[in-house]
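Data block below; observations after.
What follows draws every value from the coordinates through simple rules; no lab data is involved. Predicted model, so just to flag it, every value in this text is computed and none were measured. Here the Cβ positions follow ideal geometry from the backbone for every residue, glycine too, while neighbour counts run over all protein chains shown.
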Amino acid sequence: MSDQPTYRVTFLVLSLVLIAAFLLNISLGSVAIPLKGIFAAFTGGEIEKETWRITILEIRLPKAITAILVGCGLSLSGLLMQTLFRNPLSGPFVLGLSSGASLGVAMLIMGASVFGGVASLVLTSSYSLVIAASLGSFLVLLTVMVVSFRIKDTMSILIIGLMFGSITAAIVSVLTYFSDAEQLKQYMMWTLGSLGSLHAEELSILSILSIVGIILSIVAIKPLNAFLLGENYARSLGINIQKSRYIIIIATSIMAGSCTAFVGPIAFIGLAIPHITRLFFQTTNHKVLVPSVCLVGAILLLICDSIAQVPFYDITLPINAITSIIGAPVVIWLLVRKRKMIF
């Protein structure tokens, strides 16, 4: 019980850092907005420039909320997959969800030339890429789930998920080879990721799906702790292995699939944040890890997005590039410093 106050203090500090990163993200951009202006926009008070209120409420606030949801969802998905498969290299897209989403988007974009006017009409919809990515992820998930009914070994499911990912990636490569420059550019822009393209309705859907995924993750905390010592140990504790596995896979699919569908594939976050959090908290207890990876993931993605905005310049860098450039060296440094992973 002596370590509980330490965790409470740590969670309090992380919460304050999250608030600071949130305000910093809203403040920075091509035009810097002081904190006084941000609070005025939130409270409806007098503001120095009315354009600031529009910029904050309609552009930067939705983007910051998106960063929090995506950072939380991908980080938690990575934690679930690493624990389920007991593999430190597992990430949220290990089941092929990202490749499935990429396949759906690639087929939609290629459809503009293959199917002519019908596909062009679909492409004009603001939800077209989201629907295509969601369908691609869902079909891969459905296939993996059907196969898992026949297979009891968790590692076999991991390999099958990787193979489905390889198949869909190969199909995407063929489609991109035959696409023209404009289609290829549109597809590449989607793969770079974007946190700032969601409208209020899309943000509401992403929020609901994220909450559902988090609730399922909380339900799975006891099985997750048991899985750390192997399925035989979990079974000896009375854990329903098959049911728990399905809950974990569905939770991961909901969070990782929805994040990819709405903002595109985001690298590093799901793979690295669980390791950073374990090293920071020095624990493998999922009662601590589940909320902590959400906080750390949200903070780091907010920071990465703030850097991607290139403050005071009218340009925006791909969020995928920033997460990889910043994240990979951090993980390497942590692992070299600790010399072993806490798992």
Can you pull out every residue in the stretch 19-34 that is more than 25 Å from C294 (Cβ to Cβ) and either loosely packed, with under 13 Cβ neighbours inside 10 Å or more than 27 Å from the chain's Cα centre (by Cα) (or both)? V31, A32, I33, P34
Would you point out which residue out of T83, T6, T51 is in a helix (DSSP H, G or I), touching a residue at least 12 places away in the same chain (Cβ under 8 Å) and either buried (at least 22 other Cβ atoms within 10 Å of the Cβ) or out of contact with any Lys or Arg (no Cβ under 8 Å at 6 or more places or on another chain) (or both)? T83
How many residues does the stretch 286-309 contain that are farther than 30 Å from A226 by Cα, touching a residue at least 60 places away in the same chain (Cβ under 8 Å) and of a type in the set (V, I, T)? 1
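Every residue, every condition in (1) among the polar types (S, T, N, Q); (2) more than 10 Å from the chain's Cα centre (by Cα), yes or no:
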| position | (1), (2) |
| --- | --- |
| I249 | no, yes |
| S253 | yes, yes |
| I276 | no, yes |
| T283 | yes, yes |
| V293 | no, yes |
| A298 | no, no |
Candidates L84, L18, L108 - the one that is of a type outside the set (V, I, T) and under 24 Å from V219 (Cα atoms): L84
If you check A328 against the conditions, is it closer than 26 Å to E202 by Cβ and of a type outside the set (S, T, Y)? no
I'd like the full set of residues that are buried (at least 16 other Cβ atoms within 10 Å of the Cβ) and part of a loop (DSSP other than H, G, I, E, B), limited to the stretch 235-282. I239, G264, P265, I266, A267, F268
